[in-house]
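Contents: one structure, followed by commentary.
The values are calculated or read from the model by the stated rules, or taken from the named source; none is laboratory data. Treat the numbers as computed from the prediction; the structure is a model and nothing was measured. Cβ placement follows ideal geometry from the backbone for every residue including glycine, while neighbour counts extend to all protein chains displayed. To get the accessible areas, we keep the full protein, side chains included, count just its heavy atoms, and leave off ligands, DNA and RNA. Shrake-Rupley method; radii C 1.70, N 1.55, O 1.52, S 1.80 Å.
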Amino acid sequence: MDATAFFKIGYGLYIVTTRDAAGRDNGMICNTVMQLTAEPPRIAVAINKANLSHATAKETRVLNVCALSEEAPFAVFERFGFKSGRDSDKFDGFASTRSSNGLAVPGKYCTALFELAVADYIDLGTHGMFICDVKNAETLGAGATMSYAYYHANVKPKPAVAPAAPGGAAKWVCKICGYVYDPAENGGVAFEDLPDDWLCPWCKHPKSDFEKA
Ligand code: FE
């Protein structure tokens, strides 16, 4: 199987927001959002079970999808994508408003808002898929929604990677976020020798999303 074929599937990028029973807001970057039906309007959102948002959406059965605009800088992805809501308040110091369902909505960098109520849930193993009724939809900006391809081409930093020293093990770069794995900074452990379940420390994507620098 050619794993790179999966990069040819087109995606948009979204911030999914939730609010737990204690009133704690959370938000995460998500690319697995799609409209399923128009009548009634339904949207599917797949979320990794390791994400706090998965637990909160399952419990509250309410979530928002906010489509990111092409103006969103890398800092938005660092804030909402490379940290966990378990140990950081994603909205701390970030301008936001509230939608009619009480959830947080980023104050800028969004083109549209969908307020969702979970109608069905499908267990997909690593992920859970939330089949949602759209309770409200709003256009927030005139700009284009950011695609994954646009993010890779224009937003993700392109690290200047110095080649490994002669005799040294190769550096590997995360294709998702640009993190560079340098064996010299990791006890000399070659990338190939990392366990199969090792994840990118920034974006939590797997080894298969890395390429040799
Ligand atoms: Fe990464």
When only Cα pairs under 8 Å and 6 or more residues apart are kept, what is the percent relative contact order across the chain? 19 percent
Quick one: what are the phi-derived ³J(HN,Hα) couplings along region 75-88, Karplus 6.51/-1.76/1.60 with θ = phi - 60°, whole Hz, x for glycine and proline? 4, 5, 6, 5, 5, 9, x, 10, 10, 9, x, 6, 10, 8
Students often check this: by mean Cβ neighbours within 10 Å, which of 38-50, 148-160 ranks highest, and how do the rest follow? 38-50, 148-160
Which of 77, 130, 104 sits closest to the plus end of the dipole of the chain, meaning its Cα is farthest towards the positive end, when Lys and Arg get +1 and Asp and Glu get -1 on the C-beta? 104
Determine the per residue accessible area of the chain with all protein chains present and a 1.4 angstrom probe, expressed in square angstrom. 53 Å²
Under a Cβ-only charge scheme (Lys and Arg +1, Asp and Glu -1), can you give me the dipole magnitude of region 1-121 about the Cα centre, in debye to the nearest 20? 180 debye
Residue 198 and residue 133 label points (each 7 Å along its Cα→Cβ direction) are spaced in nm at 4.8 nm
Run lengths n ≥ 4 of DSSP H only: what is the helix-derived mean residue ellipticity at 222 nm for the chain, with -39500 (n - 2.57) per run over all residues, to the nearest 500? -2000 deg cm²/dmol
Pair residue 71, residue 117: separation of 7 Å Cα→Cβ label points (nm): 3.3 nm
Among 14, 95, 28 the positive-end extreme of the charge dipole of the chain (Cβ point charges): 95
A 1.4 Å probe over the protein heavy atoms gives the chain a carbon and sulfur accessible-area percentage of 54 percent
Name the shape class, rounded, prolate or oblate, that the alpha-carbon gyration tensor gives for region 118-213, where a ≥ b ≥ c are the square roots of its eigenvalues, rounded holds for a/c under 1.5, and otherwise prolate holds if a/b is larger than b/c and oblate otherwise. oblate
Dipole magnitude (debye, nearest 20) for the chain, charges at Cβ of Lys, Arg, Asp, Glu: 280 debye
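Could you count how many Lys pairs in region 117-200 have their Cα atoms under 25 Å apart, skipping same-chain pairs fewer than 8 positions apart? Could you put the intermediate results ahead of the total?
Numbers: 156/171; 156/175; 158/171; 158/175.
Total qualifying Lys-Lys pairs in region 117-200 comes to 4.
About the Cα centre, and with charges only on the beta carbon of Lys, Arg (+1) and Asp, Glu (-1), how big is the dipole of region 139-205? Nearest 20 debye, please.
Approximately 420 debye in magnitude.
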If you average the C-alpha positions of region 1-41 and of region 75-131 separately, how far apart do those two centres end up, in angstrom? 9 Å
Apply the a/c threshold of 1.5 to the C-alpha gyration tensor of region 7-162 and tell me whether it is rounded, prolate or oblate. rounded
